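Each remark here refers to the structure printed beneath this line.
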């Protein structure tokens, strides 16, 4: 697992955890955020210590440090698809995501989370397109 984060990327309302005795602390994003906190912020939200689980119990506040692959942009997504099929797929995506979100994806204003990417991948498969959908760019990010 990673043990360092760029603290400037931690969302302002993300709850930190100061429980050093937790058995999951080494793999928990909340604890990682707390150990990497800086003087940039004078205050940040924390998990209430009165709500820490009993020793040996699973923590309900645990957040994994595993990063997700985030995609950005769908401007070239349908370039290699026959025109008629591309129109059909576009209609299906607009129906699923809604017009506003679809166009935000198109203009690279919103990120495509793994669940968005999986929907598009399944849509391709259901319509006989065997090649993987290709988005404009990718990056890895914690699941805050």
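The values are calculated or read from the model by the stated rules, or taken from the named source; none is laboratory data. Small disclaimer: the values here were computed from a predicted structure and weren't measured. Glycine gets a Cβ as well: all are built from the backbone with ideal geometry, and neighbour counts include every protein chain shown.
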Positions within segment 129-144 being loosely packed, with under 11 Cβ neighbours inside 10 Å and either within 14 Å of residue 112 (Cα to Cα) or in contact (Cβ under 8 Å) with a residue 40 or more places away in the chain (or both), in sequence order: 131, 137, 140
Taking the condition touching a strand residue (DSSP E or B) at 6+ places or on another chain (Cβ under 6 Å) and farther than 29 Å from residue 135 by Cα, does residue 40 pass? no
Residue hits (segment 29-47; farther than 13 Å from residue 11 by Cα and under 21 Å from the mean Cα position of the chain (by Cα)) are 31, 32, 36
Kindly indicate whether any position in segment 61-73 is modelled with pLDDT of 95 or more and over 30 Å from residue 133 (Cα atoms). yes
Within segment 110-133, the count of residues that are in contact with a strand residue (DSSP E or B) (Cβ under 9 Å, 6 or more places away or on another chain) and assigned to a loop (DSSP other than H, G, I, E, B) comes to 3
For segment 135-144, give me each residue that is assigned to a loop (DSSP other than H, G, I, E, B) and within 19 Å of residue 109 (Cβ to Cβ). 135, 136, 144
